[in-house]
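Report on the following structure.
The values are calculated or read from the model by the stated rules, or taken from the named source; none is laboratory data. Since the model is a prediction, treat every value here as computed from it, not as a measurement. Positions of Cβ are backbone-derived with ideal geometry, glycine not excepted, and every protein chain shown enters the neighbour counts.
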Amino acid sequence: MSCRILITDYDQRWPELFRREAERIGGVLGRRALRIEHVGSTSVPGLAAKPVIDVLLEVADSGQEGAYAPLLEAAEYVLHIREPDWRKTQRGYFSLIALSVPLAFAMGISVG
């Protein structure tokens, strides 16, 4: 089975689309969202990329999915990776979650 991957030229709107999604995620999770970052190829100015905004979300404990997953899923986000105890810092452990937001979704375009 083969699969085609769409790569598009860099779009100046990508940083703003990320900011809008970060605000939306922050609104959904409130103080549960410790950090929200734009990661992946759309976060690199000038780089062609798949039309997906990748988001890194830090929560206190990604193993406690009941505290965040139902809220994100109700807001139509798809959780791809959950990394409990991903990295130890001076403050202790933190947990990371990866989300991908298709650009059509981020731009409010109905697909299908």
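To keep it simple, each residue is scored yes or no on (1) at positive phi; (2) surrounded by fewer than 18 Cβ atoms within 10 Å (Cβ to Cβ); (3) touching a residue at least 12 places away in the same chain (Cβ under 8 Å).
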site: Arg4; (1), (2), (3): no, yes, no
site: Phe18; (1), (2), (3): no, no, yes
site: Arg35; (1), (2), (3): no, yes, yes
site: Ser43; (1), (2), (3): no, yes, yes
site: Ala48; (1), (2), (3): no, yes, yes
site: Glu65; (1), (2), (3): no, yes, yes
site: Val78; (1), (2), (3): no, yes, yes
In the set Glu37, Glu76, Glu83, the lone residue that is assigned to a strand (DSSP E or B) and modelled with pLDDT under 85 is Glu83
